[in-house]
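S.K.: Got a structure for you, questions after.
Every number here is computed from the coordinates shown, using simple stated rules; none is lab data. Everything numeric in this text was worked out from a predicted model, so none of it was measured. Cβ: placed from backbone, ideal geometry, glycine included. Neighbour counts: every protein chain shown.
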Amino acid sequence: MKALVVDDSSATRFILGKMLKEIGYEVLEAENGEVALSTLRDNTDVIFAMVDWNMPVMNGYELVQEVRKDGQFADLVLMMVTTETEMTQVVQAIEAGANEYLMKPFTKEMVADKMALLGLTSSEEGSPS
Ligand SMILES: [Mg+2]
């Protein structure tokens with residue numbers, strides 16, 4: 001099981017990556033949307049991506065739009081991660097094709113709950129089936 005963490009903050013990538021590794025994922029990282037797109041094209045077995053909203057070069061919103069334009073990523077589950085609490089941003093992300101969203105600051109439990117919602121893990125067992 002491969003996941004991609006997209007965030008311009010290396011600290012956030014580390015924290016999210018650690019959480020995903022703990023539940024059994026192999027984790028790839030990208031620091032902006034452009035790097036994420038090429039990483040996804042090189043790793044078509046990635047099943048899940050956590051995408052920061054605010055990033056230089058190509059932001060998360062643009063990345064979600066690009067991914068949803070490309071049929072080869074039709075099954076890729078996208079979770080938007082945002083610091084903004086405005087519902088408009090969340091609605092915009094979902095409309096662009098994100099499957100879920102996560103508000104910063106988040107806890108390990110919040111991440112596990114959202115992933116369980118998406119069928120990406122059993123929050124009880126803590127490992128993907
Ligand atoms: Mg950011």
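S.K.: Estimate the FRET efficiency between Asn54 and Lys21 by the formula 1/(1 + (r/R0)^6), using the beta-carbon distance for r and 25 Å for R0, to the nearest 0.05.
M.R.: Using R0 = 25 Å, I get an efficiency of 0.55.
S.K.: Quick one: compute the contact order of the chain, relative version, from alpha carbon pairs under 8 angstrom and 6+ residues apart, as a percent. Working shown, then result.
M.R.: Working: 217 pairs, mean separation 26.9, N = 129.
That works out to 21 percent.
S.K.: Next question, about the same structure. Using a cut-off of 12 Å between beta-carbons, work out the net charge of the residues near Lys2 (Lys and Arg +1, Asp and Glu -1, Lys2 not included). All intermediate terms of the calculation are to be shown ahead of the outcome.
M.R.: Numbers: positive: Lys21; negative: Glu26, Glu29, Asp42, Asp45.
Neighbour charge sum, excluding Lys2 itself: -3.
S.K.: Label Glu62 and Lys104 with points 7 Å out from Cα along Cα→Cβ: what is the distance between them in nm?
M.R.: Label at Glu62, label at Lys104, 1.8 nm between them.
S.K.: What is the gain in length, in nm to one decimal, between Ala11 and Thr83 on full extension, counting 0.36 nm per residue of separation less the C-alpha to C-alpha distance? Walk me through the intermediate numbers first.
M.R.: On the way: separation 72, 0.36 × 72 = 25.92 nm, distance 1.46 nm.
Extra length from Ala11 to Thr83 when fully extended: 24.5 nm.
S.K.: If you don't mind, another one. Under a Cβ-Cβ cut-off of 14 Å, what is the net charge of the residues other than Glu31 that fall near it, where Lys and Arg count +1 and Asp and Glu count -1?
M.R.: In short, -4.
S.K.: Taking H as built 1.01 Å from N, whose amide H comes closer than 5 Å to the amide H of Leu102, not counting residues under 5 places away?
M.R.: HN-HN under 5 Å from Leu102: Met80, Val81, Thr82.
S.K.: Take the alpha carbon atoms of segment 86-118, find their center, do the same for segment 1-75, and report the distance between the two centers in whole angstrom.
M.R.: Spelled out, the Cα-based centre of one part sits 14 Å from the other.
S.K.: What order do you get for Thr121, Thr88 when you list them from fewest to most C-beta neighbours inside 10 Å?
M.R.: Exposure proxy ranking, most exposed first: Thr88, Thr121.
S.K.: On to the next question. Where does the charge balance sit around Ala11 when Lys and Arg score +1, Asp and Glu -1, over other residues with C-beta under 13 Å from its C-beta?
M.R.: Net of charged neighbours comes to -2.
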